[in-house]
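The values are calculated or read from the model by the stated rules, or taken from the named source; none is laboratory data. Given the structure is predicted, the values throughout are model-derived calculations rather than measurements. A quick note on method: Cβ atoms are made from the backbone with ideal geometry, for glycine too, and the neighbour counts reach across all protein chains shown. Side chains included, ligands, DNA and RNA excluded: accessible areas come from the protein's heavy atoms. Shrake-Rupley method; radii C 1.70, N 1.55, O 1.52, S 1.80 Å.
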Amino acid sequence: MKKGWETLPLSEVCRTFQYGTSAKSSKEGTHPVLRMGNIQGERISWENLKYTSNKDEIAKYGLETNDILFNRTNSPELVGKSAIYDGTREALHAGYLIRVQVICGRLSAHFLNYYLNSPKTREHGFSVMSSSVNQANINASKLKAYLINLPSLSEQEEIVEILDKAFAAIDQAKANIEHNIANAKELFQSKLNQIFSHKGEGWVEMTLGEVCENLDRQRIPITKDKRTEGAIPYYGASGIVDYVADYIFDEDLLLVSEDGANLLARTYPIAFSISGKAWVNNHAHVLRFKDTASQIFIEYYLNSIRLDDYISGMAQPKLNQKKLNSITVPFPDLPQLRETVSAIEALDSELKKLSSANQAKLASLDELKKSILQKAFAGELT
């Protein structure tokens with residue numbers, strides 16, 4: 001710690017509110033309810049909001065300018081993250097967040113927000129009380145007792161100004177990289193569209209049921225309490241959901257999501273190849289092909305087209321076996337099939353290389369942020 005800085009527990013300079021609104025929220029209402037998904041570091045995300053019109057809850061949990069919202073429970077990488085509320089729109093917070101309010105004139109809320117997001121705080125400040133693959137929880141009582149290193153108010157403001165400028169530049173660099181990633185994906189999709197719309201000599205219109213065998217009858221779902229733990233992947237609609245001790249398939253197969261919001265959202269692939277011993281539940285269709293090229297071709301094809309016309313249900317989208325088998329496919333003869341698959345795989349390989357390089361750049365920028373924060377609160381920036 002830099003000479004001249006003092007160390008104080010958070011409780012001496014802040015007020016904390018552990019509880020938030022429990023009012024039912026929806027996509028309609030007068031006031032947005034900020035939840036743990038809106039707190040991803042430094043600033044609030046105003047996407048995927050839910051709202052409430054409950055006047056009592058609004059009065060009780062309404063936010064004030066420069067309130068800090070702290071994730072007390074979230075995924076392991078986001079638990080403990082905080083963001084500052086700028087007061088530009090009225091909002092309230094849910095119970096998954098701790099509201100932190102500065103009550104001391106010696107502390108800048110913006111300085112504290114950066115401090116809470118620093119590696120020092122996230123790695124050493126709190127103990128995770130319980131965690132799982134998807135969720136972690138922080139001991140909220142330790143937030144009040146957490147010791148912060150406090151420079152003078154003028155030095156805090158100087159540090160905040162330096163961090164604001166540095167992080168704005170980093171965020172812009174990240175936005176540019178993410179834009180490049182999106183452009184590469186769009187280009188790949190455009191190339192796929194060109195390939196699948198070729199339909200030249202040797203290409204014929206077929207249904208999916210005509211180019212593969214459906215093995216759905218062999219699927220066996222197992223409830224979690226009846227699964228025996230093992231090393232065999234247990235597949236569902238979006239991939240591996242568990243590992244079990246036995247298997248019902250042992251070959252190259254293509255799995256296709258049968259239900260779930262992703263059939264329409266297409267956030268990740270709905271068709272994915274598997275190989276070797278596997279168990280599949282009744283949320284993924286199981287398709288067998290005569291040759292590997294056909295399987296790969298159909299995998300790319302299904303992941304590149306919209307299937308809305310084949311899907312029933314909005315609350316719980318479903319692609320039943322009859323509709324799946326009826327999907328029309330522009331299918332080439334064997335020589336062109338192999339040539340087409342080879343061309344697609346080459347394009348995909350280039351996309352993955354580009355994506356990997358860009359992801360590495362994003363990771364480097366995140367590490368740069370951590371390094372700058374580390375220096376800031378060690379007194380090395382001023």
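Structure notes:
- Considered as a group, the residues in region 319-337 that are open to solvent by 70 Å² or more (accessible area, probe 1.4 Å) and at pLDDT 95 or above include one that is farthest from ARG219 (Cα to Cα), and that residue is LYS323.
- Qualifying positions in region 76-105 - open to solvent by 20 Å² or more (accessible area, probe 1.4 Å) and either among the acidic types (Asp, Glu) or over 20 Å from TYR51 (Cα atoms) (or both): PRO76, GLU77, LEU78, LYS81, ASP86, GLU90, GLN101, VAL102, ILE103, CYS104, GLY105
- Checking each residue in region 85-125 for being in a loop (DSSP other than H, G, I, E, B), among the hydrophobic types (A, V, I, L, M, F, W, C) and within 23 Å of the chain's Cα centre (by Cα) picks out no residue at all.
- Selection of region 179-209 for residues being in contact with a Phe, Trp or Tyr (Cβ under 8 Å, 6 or more places away or on another chain) and open to solvent by 40 Å² or more (accessible area, probe 1.4 Å) yields VAL204, GLU205, MET206.
- As for region 217-236, it holds no residue that is in contact with a Pro (Cβ under 7 Å, 6 or more places away or on another chain) and either touching a residue at least 24 places away in the same chain (Cβ under 8 Å) or surrounded by 12 or more Cβ atoms within 10 Å (Cβ to Cβ) (or both).
- Selected residue (only one of LEU264, LEU287, LEU302 is touching a residue at least 40 places away in the same chain (Cβ under 8 Å), surrounded by fewer than 17 Cβ atoms within 10 Å (Cβ to Cβ) and not in a loop (DSSP other than H, G, I, E, B)): LEU264
- Filtered residue count, region 145-163, keeping only those that are surrounded by fewer than 18 Cβ atoms within 10 Å (Cβ to Cβ) and touching a residue at least 24 places away in the same chain (Cβ under 8 Å): 9
- Contact map, region 48-65: first residue under 17 Å from GLN18 (Cβ atoms) and among the small types (Gly, Ala, Ser), second residue modelled with pLDDT of 90 or more and open to solvent by 30 Å² or more (accessible area, probe 1.4 Å), Cβ cut-off under 7 Å, separation 6 or more or different chains; pairs are GLY62/GLU90.
- Of residues in region 1-12 being open to solvent by less than 70 Å² (accessible area, probe 1.4 Å) and not in a loop (DSSP other than H, G, I, E, B), the one nearest to VAL79 (Cα to Cα): LEU10
- Residue pairs whose Cβ atoms lie under 7 Å apart, sitting 6 or more positions apart in sequence or on different chains, and linking a residue in region 269-284 that is within 17 Å of ILE296 (Cβ to Cβ) to a partner that is surrounded by fewer than 19 Cβ atoms within 10 Å (Cβ to Cβ) and of a type in the set (S, T, N, Q), are PRO269/ASN303; ILE270/ASN262; ILE270/ASN303; ALA271/ASN303.
- Of all residues in region 13-61, those satisfying the criterion of being of a type outside the set (A, V, I, L, M), under 26 Å from the mean Cα position of the chain (by Cα) and surrounded by 21 or more Cβ atoms within 10 Å (Cβ to Cβ) are GLY20, THR21, SER25, HIS31, ARG35, ASN38, THR52.
- Flag if TYR243 is aromatic (Phe, Trp, Tyr) and surrounded by 15 or more Cβ atoms within 10 Å (Cβ to Cβ): no
- Residue check, PHE297 within 21 Å of the chain's Cα centre (by Cα) and not in a loop (DSSP other than H, G, I, E, B): no
- Taken together, the criteria exclude VAL244 from residues that are at pLDDT 95 or above, over 30 Å from LYS323 (Cβ atoms) and over 25 Å from the mean Cα position of the chain (by Cα).
- Contacts under 6 angstrom Cβ, first residue in region 90-112 being touching a residue at least 24 places away in the same chain (Cβ under 8 Å) and under 11 Å from LEU69 (Cα atoms), partner basic (Lys, Arg) and not in a loop (DSSP other than H, G, I, E, B), 6 or more apart: HIS93/ARG99; GLN101/ARG15
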